[in-house]
1. Going toward the positive end of the dipole of the chain, with +1 on Lys and Arg Cβ and -1 on Asp and Glu Cβ, which of A116, V191, I32 do you reach last?
2. Which loop GluC sites (Glu not before Pro) in segment 33-105, with loop taken from DSSP, have no more than 16 other Cβ atoms within 10 angstrom of their Cβ?
3. Apply the a/c threshold of 1.5 to the C-alpha gyration tensor of segment 1-95 and tell me whether it is rounded, prolate or oblate.
4. Find, to one decimal place in angstroms, the Kirkwood hydrodynamic radius of the chain, where the mean of 1/r is taken over every pair of different Cα atoms and then inverted.
5. Full extension from V191 to T177: what is 0.36 nm times the residue separation minus their Cα-Cα distance, to one decimal in nm?
6. Of all GluC sites (Glu not before Pro) in segment 156-203, which ones are in loop regions per DSSP and have a Cβ with at most 14 other Cβ atoms within 10 Å?
7. What list of whole percents do you get for P(r) of segment 85-206, with Cα-Cα distances grouped in 5 Å bins up to the one holding the largest distance?
8. For S199 and D48 in one chain, what is 0.36 nm times their gap in residues minus the Cα-Cα distance, to one decimal in nm?
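Throughout, read-outs are computed from the coordinates displayed, never taken from laboratory work. Quick caveat: nothing in here was measured; it's all calculated off a predicted structure. Backbone-built Cβ (ideal geometry, glycine too); neighbour counts: all protein chains shown.
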Amino acid sequence: MSATGSARLRRFIADMTQLVGGAVQDRDEDAIVEVGARLLADLVRHDDWLPELAAQGPPHGYAQNLLWCDPLERFSVVSFVCASGALTPVHDHCVWGLVGMLRGSETSQAFVRDPASGRLSLGSLSVLAPGDVEVLRPSRGDIHQVSNVLKDRSSISIHVYGGNIGAVRRHVYDSGTHEERPFVSGYTNRVVPNFWDRSTETRGSD
Ligand SMILES: [Fe+2]
């Protein structure tokens, strides 16, 4: 993480904080996801800022590393590190979400759930390349399954959610039986990276 890189992440967090602070709760979700998607696209256009701690994941499966949670839990930012060949369960989010591809490539397979029967059917398939941003909104259906396209290394996407996503009550779905089960994801990392130490630049300006 370079000094320029950590400044990029601090700027993004400041911009998101102002964005959610200016919103009237719930009513301004359209504006938050529209402007937030542009901010996230700017962030993931450069790959020089992700702290190494948050770029780590398991050899199999995936990690959801917390980078930042707003003190009022209006939004959180995580790095999703998906190992080669890994596939998430079919899941929803229950809050708005933005997925920005930083490194590698992921697929997002959408599912549509019939409200009467609860049966899932396949929706659209998105393939994300670095710089791409996908918007997830519960009001429009946000059930999906994510996989890493790359067979030889991890892919990393940066997710922004409209809440403290690790503590949000949401759901996973059995794609065979279509059964819905409660799910609270938590976070993989126990230590959140420090990208707030600006002492070097402060001393340099003496
Ligand atoms: Fe997801």
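1. Of the listed residues, the answer is V191.
2. E73
3. Because a/c hits 1.5 or more and a/b fails to exceed b/c, segment 1-95 counts as oblate.
4. That comes to 17.6 Å for the chain.
5. Between V191 and T177, full extension yields an extra 1.3 nm.
6. E179
7. 2, 10, 16, 20, 18, 13, 7, 5, 3, 2, 1, 1, 0, 0
8. The S199-D48 span can extend by a further 52.4 nm.
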